[in-house]
Amino acid sequence: MADDLGLPILPTSVPGLTLRPLTVDDVEAYHELIVRNREYLTRHGDYEEMKVATRESVARDFEGPPDWNLRFGLRLEDQLVGRADINPVDPPRYSIGYWLDEGATGRGYMTAACAALIDFARVRLGATDVFAGVTHGNDRSVAVLERLGFCAVADFERYTRFYLSLHADQG
Ligand SMILES: CC(C)(COP(=O)(O)OP(=O)(O)OC[C@H]1O[C@@H](n2cnc3c(N)ncnc32)[C@H](O)[C@@H]1OP(=O)(O)O)[C@@H](O)C(=O)NCCC(=O)NCCS
């Protein structure tokens, strides 16, 4: 299956949970999701842009993205419950970013979504290395990455860098 951008819809190991490319059709639902989660998303000092995001700024970002991220909305059946991106930092090296509706946490959804995204990156994009940065104190995000097999590789003032090798000889 593929959407009109040519990106595939990615199934996950959780029944009814899929990653679908985020498009201008998602502006309304995505903005509502941000508004519901503003406080939750910004509690570690991340996602500052969410504090001021409007329907218009979301639409602008989706129409003319400020980066080269492949952007996926996480959907439980038809409901948008989060977002996961893969960023072509320096192919075949990629990084991931993700967030979940607070009401959808605690059920393994993001771990399943990131596993599907990483598999897509390995098989379809030829990714060999995946990185993620986690702000100090964001233990739930660290737990997601550890479940996926990432290891901490560098510490910076505000965040820790995590790394997962996808090189064939390391499984
Ligand atoms: C980071 C974030 C996505 C983690 O959410 P999460 O719900 O903890 O992660 P998952 O969806 O993978 O769910 C894992 C939880 O479900 C539980 N779970 C239930 N079934 C599970 C399954 N089959 N597989 C894995 N975990 C399962 C786990 O035990 C865990 O709960 P616990 O922390 O109470 O032990 C979420 O906290 C978030 O969006 N935070 C704000 C944005 C953010 O920080 N993004 C990351 C920036 S680096």
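Please treat every number below as a calculation from the coordinates, not as lab data. Bear in mind the structure is a predicted one, so any value in this text is a computation, not a measurement.
Brief remarks on what is shown
- Stokes-Einstein D in µm²/s, Kirkwood radius over Cα pairs - the chain at 10 °C with 1.306 mPa s viscosity: 96 µm²/s
- Distance from region 132-148 to region 55-103 (C-alpha centre basis), Å: 18 Å
- For the chain, share of DSSP beta bridges that run antiparallel, in % to the nearest 5: 90 percent
- In the chain, helical runs assigned H by DSSP with n ≥ 4 each contribute -39500 (n - 2.57); averaged across all residues and rounded to the nearest 500, the mean residue ellipticity at 222 nm is -9000 deg cm²/dmol.
- Ellipsoid semi-axes for region 103-171, based on the Cα gyration tensor and the rule √(5λ), read 21, 17, 9 Å when sorted largest first.
- Taking 63, 146, 157 in turn, the Gaussian network model of the chain (Cα-Cα springs below 10 Å) assigns the largest fluctuation to 157.
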